[in-house]
């Protein structure tokens with residue numbers, strides 16, 4: 001493959017406290033653009049940690065230790081002098097539970113752009129409509145933009161959180177188990193909007209279940225106890241896994 | 001004893017404790033009101049004292065206390081909120097922050113008369129501010145700091161971490177996150193701390209004794225460097241230093257002071273409920 005990967009993880013080892021067992025050990029992984037890459041595996045495998053390293057949210061935690069490199073478009077995002085705020089605008093994150101800010105639907109969507117300095121009302125209106133449409137939420141909330149975001153249903157809130165990230169026009173979207181609290185219908189809506197979004201974005205997602213991973217993965221990476229066991233196109237990995245541990249996990253022998 | 005019985009006994013005891021807490025405040029208010037209401041009239045509230053404070057009104061003392069309370073607010077609020085934000089959001093656990101916390105705890109424990117003496121030595125004499133509203137405000141402001149800092153820090157810490165993470169992940173800087181998420185959500189709690197502190201400042205006698213309060217000064221203060229009468233000190237004076245003082249005037253003065261402090265509470269409660277309605281989690 002000659003294409004330069006969007007994200008390239010090289011020899012990444014990470015621990016929360018310098019002394020303890022690493023949460024991630026020697027991870028090497030290339031993530032291509034316009035694909036959905038799924039990071040899956042049993043809990044405590046380091047999936048969420050890896051996701052949070054991709055936009056440096058783990059910077060908020062003191063005392064962590066990391067070696068190795070994470071390259072975004074070939075640039076080391078942990079190099080000195082990197083603008084972390086700018087990085088987080090390029091690499092957005094949707095969390096497991098929808099956390100609407102205590103403000104209206106509209107204010108939630110425009111929060112990121114306003115922090116960036118966008119003031120123009122018309123421009124902000126455009127951003128609101130475009131982002132909510134992309135998150136498949138516009139039709140449901142277009143008459144409720146000035147209601148508190150907390151009044152939306154759980155599924156709507158999670159799509160609002162997605163819209164909020166899209167409002168910043170990121171390049172990469174990270175999703176940490178975004179459908180964990182959602183009913184099957186809302187889950188389907190989120191999944192189908194992700195299928196649309198991958199045309200324009202690079203998507204990295206920790207799925208809710210192996211089934212979900214199999215449904216939406218273009219590429220899948222199996223993480224076990226901080227180790228990257230196997231990384232392959234979704235169709236291949238879920239039907240003909242090369243590693244015995246991957247096979248045992250996806251056939252339900254453990255996990 | 002069955003679980004239901006012990007549950008009932010516990011409930012009864014807790015209810016009793018809660019009621020007992022309410023009784024003294026209600027009694028104080030009723031007693032002061034009954035004793036003092038007869039002294040309250042338009043002249044009492046708006047005139048200068050006459051005849052060695054035995055007649056006339058208490059206007060200079062009311063104005064003095066209001067001005068001192070504002071002065072205290074100006075001195076303490078920015079400093080206290082700044083310190084609270086630093087401690088809650090920025091400070092790592094180092095010897096310096098431990099020293100700061102220790103200092104705040106000790107500041108809260110210093111008796112108010114010691115603040116008064118310090119104010120006299122430092123503000124009045126060393127800084128040559130004289131016995132003045134500004135010296136009194138600085139002294140009261142200092143005394144108020146620890147209360148406001150601790151409550152404000154508590155309020156800031158209790159804003160859920162998830163909102164900070166969301167704001168940071170949406171490209172917010174640390175300060176933007178504090179400014180747009182943390183502070184608005186912590187505001188009701190911070191406000192409570194401010195009011196608690198100012199109420200205490202408004203009612204204190206000892207810190208103003210040497211720094212601002214005039215025994216008898218039947219005119220309004222003209223500048224921040226002027227002395228002034230103030231309600232708590234005036235109350236002390238007319239209760240102990242003036243022979244032939246009517247008890248009705250004494251209790252009337254106490255009632256005015258009480259009303260002033262309680263009305264600050266009411267304002268705070270209104271503001272708090274406003275903010276809460278605006279920001280729903």
Legend entry - Fully extended contour minus Cα-Cα distance, from residue B:266 to residue B:247, at 0.36 nm per residue: 4.0 nm
Legend entry - Max mean-square fluctuation residue, GNM over chain B, Cα-Cα springs under 10 Å, options B:159, B:19, B:66: B:19
Inset, instruction - For chain B, find the longest principal axis of its Cα atoms and tell me its angle to the long axis of helix B:133-157, 0 to 90°, nearest 10. - result: 30 degrees
Inset, instruction - Kindly put A:227, B:153 in sequence by how many other C-beta atoms sit within 10 Å of each C-beta, fewest to most. - result: A:227, B:153
Inset, instruction - With springs connecting C-alpha atoms under 10 Å apart, model chain B as a Gaussian network and identify which of B:231, B:170, B:127 has the largest mean-square fluctuation. - result: B:170
Legend entry - Degrees, to the nearest 10: A:154-166 long Cα axis against longest axis of chain A: 90 degrees
Legend entry - For A:201, A:78, order by how many other beta-carbon atoms lie within 10 Å, fewest first: A:78, A:201
Legend entry - Pairwise centroid distance, computed over Cα atoms, of the range B:137-180 with the range B:1-30, Å: 35 Å
Inset, instruction - Find how much the distance from residue B:92 to residue B:30 grows on full extension, using 0.36 nm per residue of separation minus their present alpha carbon separation; answer in nm with one decimal. - result: 17.4 nm
Inset, instruction - For the range B:1-77, just say rounded, prolate or oblate: build the C-alpha gyration tensor, square-root its eigenvalues into a ≥ b ≥ c, call rounded for a/c under 1.5, and beyond that prolate if a/b exceeds b/c, oblate if not. - result: oblate
Inset, instruction - Can you bin the range B:111-216 into rounded, prolate or oblate? Criterion: square roots of the alpha carbon gyration tensor eigenvalues sorted a ≥ b ≥ c, rounded for a/c under 1.5, prolate for a/b above b/c, oblate for the rest. - result: prolate
Legend entry - Sorted by Cβ density within 10 Å, fewest first, the residues B:175, B:95: B:95, B:175
Legend entry - log₁₀ of I(q)/I(0) at q = 0.06, 0.13 Å⁻¹ - the protein assembly as shown, Debye sum with one point per alpha carbon: -0.47, -1.19
Inset, instruction - Calculate, axis by axis, the spread of Cα positions in the range A:131-255 along the three principal axes, and write the results as whole Å, longest axis first. - result: 53, 27, 23
Legend entry - Share of pairwise Cα separations in the range A:7-250, more than 31 Å, in percent: 24 percent
Legend entry - Gyration tensor (alpha-carbon) shape descriptor, chain B, a/c threshold 1.5: oblate
Inset, instruction - For chain A, give the share of DSSP beta bridges that are antiparallel, in percent and rounded to the nearest 5; count only bridges with both residues there. - result: 55 percent
Legend entry - Among beta bridges that DSSP assigns inside the protein assembly as shown, antiparallel share in %, nearest 5: 60 percent
Inset, instruction - Go ahead and set up a Gaussian network model of chain B, Cα springs under 10 Å, then flag whichever of B:27, B:191, B:87 fluctuates most. - result: B:27
Legend entry - Taking N as its residue count, the alpha carbon Rg of the range B:32-139 over 2.2 N^0.38 Å: 1.51
Legend entry - Beta bridges per DSSP with both ends in the range A:119-255, % antiparallel, nearest 5: 55 percent
Legend entry - Approximate spin-label separation residue B:161-residue A:125, in nm, with each point projected 7 Å along Cα-to-Cβ: 4.1 nm
Inset, instruction - Before rounding to the nearest 500, sum -39500 (n - 2.57) across all DSSP H runs of length at least 4 in chain B and divide by the residue total; then give [θ] at 222 nm in deg cm²/dmol. - result: -23000 deg cm²/dmol
Legend entry - Helix A:184-197 axis, angle to chain A major axis (alpha carbon atoms, nearest 10°): 90 degrees
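Read the figures in this text as sums done on the coordinates, not as results from a lab. Since this is a predicted model, take the numbers as computed values, not measurements. Quick reminder, even Gly has a Cβ in these numbers, built from the backbone with ideal geometry, and neighbours come from all protein chains shown.
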